[in-house]
1. Counting DSSP beta bridges in the chain, what percent are antiparallel, to the nearest 5?
2. Given labels modelled 7 Å from the Cα in the Cβ direction, how far is it in nm from E133 to Q369?
3. Taking only the alpha-carbon positions of region 277-403 and ignoring solvent, what does the Debye formula give for the base-10 log of I(q)/I(0) at q = 0.17 Å⁻¹?
4. In Å and whole numbers, how far do the C-alpha atoms of region 138-293 stretch along each principal axis, longest first?
5. I need the peptides 82-88, 343-349 ranked by packing, meaning the mean over residues of other C-beta atoms within 10 angstrom, with the highest value on top.
6. If the viscosity is 0.692 mPa s and the temperature 37 °C, what translational diffusion coefficient in µm²/s does Stokes-Einstein give for region 117-221 when Rh comes from Kirkwood over Cα pairs?
7. Can you give me the relative contact order of the chain as a percent, contacts being Cα pairs under 8 Å and 6 or more apart?
8. What does the extension gain come out to for D278 and R36, with contour length at 0.36 nm per residue minus their alpha carbon separation?
Amino acid sequence: MDINNFDFKGKKVLIRVDFNVPMDKNRQVTDDTRLRGAVPTLKHVLNVGGAVILMSHLDRPLKKLLEDGTIDRNKYTLRNVVKPLSDLLGVEVKFCDETVGEMAQKMSKDLKQGEVLLLENTRFYAGEEKGDEALAKSMAALGDFYINDAFGAAHRAHSSTTVVAHYFDKDHKCFGYLMKAELDHAKKLTDNPERPFVAVTGGAKVSDKILILEKLLGEVDHLIIGGGMAYTFIKAQGGSVGNSLVEEDRINTALELLEKAKKLGVKIHLPVDSIVADAFDNAANTQMLKSDQIPSGWMGLDIGSEAIKEFVEVIKGAKTILWNGPMGVFEMPNFAQGTHAIAQAIADRTKKGAFSLIGGGDSAAAVNQMGLGDDVSFVSTGGGAMLELLEGKELPGVAAVMS
Ligand code: AMP
């Protein structure tokens, strides 16, 4: 079960990694965080004498076909990852133009101890996202062992993330170091977290976060709600929110959540004030107003200074912190202040001994943007997967390795 207990010497080790990296228009990798995340697992297998065969998806090529209905292979090939990965590993990575098939079989078979082979984008195959058995079986045939180190894709029951694992018995499959770190850190939040436990949530929509909000209410001491989703709650309480983002069909849900929090004794913190703008534009006119007194024609795009003060104060008292979702439209510099203040407060509190987990996606981007990645306890690489894990769901990619 534990990667450290397996003997990979002279064996072919098939590893599912998450190399879904951002690239610029020349298809150069612009952020190699995900490549670096896989390195410890790959180096371990190489150091103990194994040969590494890598599978990953990149984007959703079948959803973005060329006009003639074919896959844009130049754009979505994983070949562009070969050079940066070779540099990181100090090993010349070989590349195969297919994930499965005769060539993949031959190249895998010929692979020697200490060598690395990267297979082509798993999502070039229609069966991948459907969890196709035949495809998974062909993948499984390439390796003696299977390692899943792709946490960001673990909530998907795809051929390469889940179904393939069923073709290996429990003595021939395990998690990689990155995956294990994600699962271990998530456990710190779900198994007896140190209190006070503060969750900071934000982002655009209540509808995307209902399950996690409900679950968190049963576990946290304080729930901070910022970002666009706060305005549905403020409106539910009778406030005027002008043209701020509101999900009318979630107003009742918001009321139910507020009611539930009261019953459970969880303190919900909504932004008392907001930076409001007269357009969804960085250059828009702005003013700071009470969040429940926003006139028509104005929209809340960031939390205000009183809200920042209150949220920071709550974070200062926390022993365990989860953060998911920005406090405002942080992509626009004029509305990034709240998100940056929260990131800084979480980093400061972590220095004082709190455990902090940044739940992937935009909050992870904000923390990394500010260079605070090393100042928090853990930055998750999988936004969707981490949310599902914290919601209490079993991730298929995790279950398939454990079975
Ligand atoms: P999510 O993916 O749900 O975490 O949402 C992230 C997105 O929410 C980011 O792109 C933010 O720009 C957006 N967002 C945050 N606050 C607001 C707001 N007050 N109004 C509109 N969009 C927001």
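1. Details: 10 of 48 bridges.
Here the share of antiparallel DSSP bridges comes out near 20 percent.
2. If labels sit at E133 and Q369, their model points lie 4.7 nm apart.
3. Rounded to two decimals, the profile gives -0.91.
4. Over region 138-293, Cα extents along the principal axes are 63, 39, 25 Å.
5. Details: 82-88: 16.6, 343-349: 21.4.
Descending mean neighbour count gives 343-349, 82-88.
6. 201
7. Dividing the mean separation by the residue count of the chain yields 15 percent.
8. Fully extending the segment from D278 to R36 adds 82.9 nm.
Coordinate-derived values only; no laboratory data. Because the structure is predicted, anything quoted here is derived from the model rather than measured. All Cβ positions, even for glycine, are placed from backbone atoms using ideal geometry, and neighbour counts span all protein chains on display.
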